[in-house]
Amino acid sequence: MNQVFRALADPTRRRVLQLLRERPRTAGELAAAFPVSKPTMSAHFSVLQEAGLIAAERNGRTILYRLRMSVLEEALMGFVHSLEGPKRAVARRRRGDVKRRAWEGA
Amino acid sequence: MMTRSTSKVLAPALLATGALLLGADAVLRPGHAGAWAAAAGVLAVMAFMLWRTPDRAAGGWAHRNVRDGVALAAAIVDVALGLRLADAFGMHPQGSLALRVTMLATAAFLVFTGNELPKVLVPAGRHADLARVEACRRVAGWTGVLTGIVLAIVWVALPIDAAMVASLVTFGVAAIVLVWQLGIARRRGQAA
């Protein structure tokens, strides 16, 4: 279960899971959806696979990733995602405050 | 969720307990030979599934699912056989209690199987529209889990008569929701 929590803690990995909820995707398709390097994406895929949240199927030269989440894990992801929303809003507000203060100070 | 080692030990232990309870039941109440034969058949099928499940392989995860499923089903059979045995010994468990325990075990079974259903993968080459198949499995899984949870609450909180009606309503609503959602998933697949 620790691995599942660790996997769900990262927003990029959660986004990967959301994309895979729509349909299975190849590693290339998933990597193209994020502005990060391929090795970084590869590391994210490994964490998700170790947690048993996704499965990889090699088909020739492509790797197809598929969602492998239980209902409980999916509910957990939804919960973490719902917590992330207000957190992000607070962070945005803080950034706005800092910018405003800098603007007023200038 | 059970760990790999837990389910490995638990499933055979529960099956062995079931066999002992069944033996005791059959000795104390030889008149119900048909029921005991049916229970023996169920236990034999579960033992066969367990025996045919390799310990580790490429698809080890799915095999663990089989072991967990057998453990849960064996627990339900054990509860039923245990209540019968208690009855044979003159410890009449209140009818309502026996029914509640059985229904709670059924609810646990629904929650467990519904939870694991989306995790069991179908081979990618077998279905042309993999996304639709996976979406249908997720819908079925969620329906199973929610039905199980509602059923458990109903059988803990309500009086027997009300719980029976509420159970029927729950199953009915679950069936309607399932058919409706699967219809939506199918139409989406055809439109895509």
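Below are the figures for this structure:
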item: Within segment A:1-28, considering residues that are in a loop (DSSP other than H, G, I, E, B) and modelled with pLDDT of 85 or more, the one surrounded by the most Cβ atoms within 10 Å (Cβ to Cβ); result: A:24
item: Among the residues listed as A:56, A:31, the single one being over 15 Å from the mean Cα position of the chain (by Cα), surrounded by 14 or more Cβ atoms within 10 Å (Cβ to Cβ) and outside any loop (DSSP other than H, G, I, E, B); result: A:56
item: Those residues of segment B:61-91 which are among the aromatic types (Phe, Trp, Tyr) and closer than 23 Å to residue B:26 by Cβ, in sequence order; result: B:89
item: Residue list for segment B:141-155, restricted to those being surrounded by fewer than 22 Cβ atoms within 10 Å (Cβ to Cβ), closer than 14 Å to residue B:113 by Cα and more than 10 Å from chain A (Cβ to nearest Cβ); result: B:149
item: Some residue of segment A:38-46 being under 14 Å from the mean Cα position of the chain (by Cα) and within 14 Å of chain B (Cβ to nearest Cβ); result: no
item: Pair list, Cβ < 7 Å and 6+ apart or interchain, from segment B:112-130 residues that are of a type in the set (S, T, N, Q) to residues that are modelled with pLDDT of 65 or more; result: B:113/B:69; B:113/B:144; B:115/A:70; B:115/A:71; B:115/A:72; B:115/B:141; B:115/B:145
item: Residues being surrounded by fewer than 15 Cβ atoms within 10 Å (Cβ to Cβ) and more than 11 Å from every other protein chain (Cβ to nearest Cβ) - total across segment A:64-77; result: 0
item: Segment B:113-140 - residue that is at the interface with chain A (Cβ under 7 Å from one of its Cβ atoms) and in a loop (DSSP other than H, G, I, E, B) and, of those, modelled with the highest pLDDT; result: B:121
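Let's see how each residue does on (1) modelled with pLDDT under 85; (2) surrounded by 14 or more Cβ atoms within 10 Å (Cβ to Cβ); (3) over 17 Å from the mean Cα position of the chain (by Cα); (4) in a helix (DSSP H, G or I):
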site	(1), (2), (3), (4)
B:5	yes, no, yes, yes
B:24	no, yes, yes, yes
B:36	no, yes, yes, yes
B:46	no, yes, no, yes
B:49	yes, yes, no, yes
B:78	no, yes, no, yes
B:83	yes, yes, yes, yes
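The values are calculated or read from the model by the stated rules, or taken from the named source; none is laboratory data. Given the structure is predicted, the values throughout are model-derived calculations rather than measurements. Cβ coordinates were reconstructed from backbone atoms using ideal geometry, including for glycine residues, and neighbour counts include every protein chain displayed.
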